[in-house]
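*Asks:* One structure coming up, written as structure tokens, with questions to follow.
Any read-out appearing in this document is the output of simple, stated calculations on the displayed coordinates, not a laboratory observation. All values reported here derive from a predicted model rather than from experimental measurement. Virtual Cβ from ideal backbone geometry, glycine too; neighbours counted across all protein chains shown.
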Amino acid sequence: MLFSLYLLFKKIKHTMDLYTFLQKFHSGWAYLALLLLIVAVVNAIIGFASKKEFTAKDRKIALFGLIGSHVQLLVGLILYFVSPLGLAGFSMKVAEARLTSLEHPLINVIALVLITIGWSKHKKAATSESKFKSFAVFYTLGLLLILARIPWHLWF
């Protein structure tokens, strides 16, 4: 497995540098992570509003949202340290540089903390209503923070 990863990264290095690969992966994975998170939020709100029973399917939907978001954060943090738009481009004077070097990473870390809190709180909850409520509140807050600090000008 490790040897396969080594060969993959060796091939990637020959075709493009690590920064370009991470940047494209971070941008592409963002669509999947947002989709998973939106599905988890909608499922939690519907489950809470309709007072349905919390099932293993609901737990898996929330788990996929959690995992997708955490993968995005991990790749983003790696990218932050190798990107000229990240730590190296730190500037409080230029709004665009401030967004990519400070606001985007900081707010997204806070968003992922909220999503993780929602996941943790659901495990301690006794009723289906409180499980759905944990996801609905914390995942929605995390999603809103993420949407607020996406550098949209770099997406389109």
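*Asks:* Test of understanding: ordering 128, 101 by Cβ neighbours within 10 Å, fewest first, what list do you get?
*Replies:* 128, 101
*Asks:* Sequence gap of 8 or more, or different chains, plus Cα separation below 17 Å: how many lysine pairs satisfy both in segment 19-155?
*Replies:* 18
*Asks:* Could you compute Rg(Cα) / (2.2 N^0.38 Å) for segment 19-155, with N its residue count?
*Replies:* My calculation over the Cα atoms of segment 19-155 gives 1.13.
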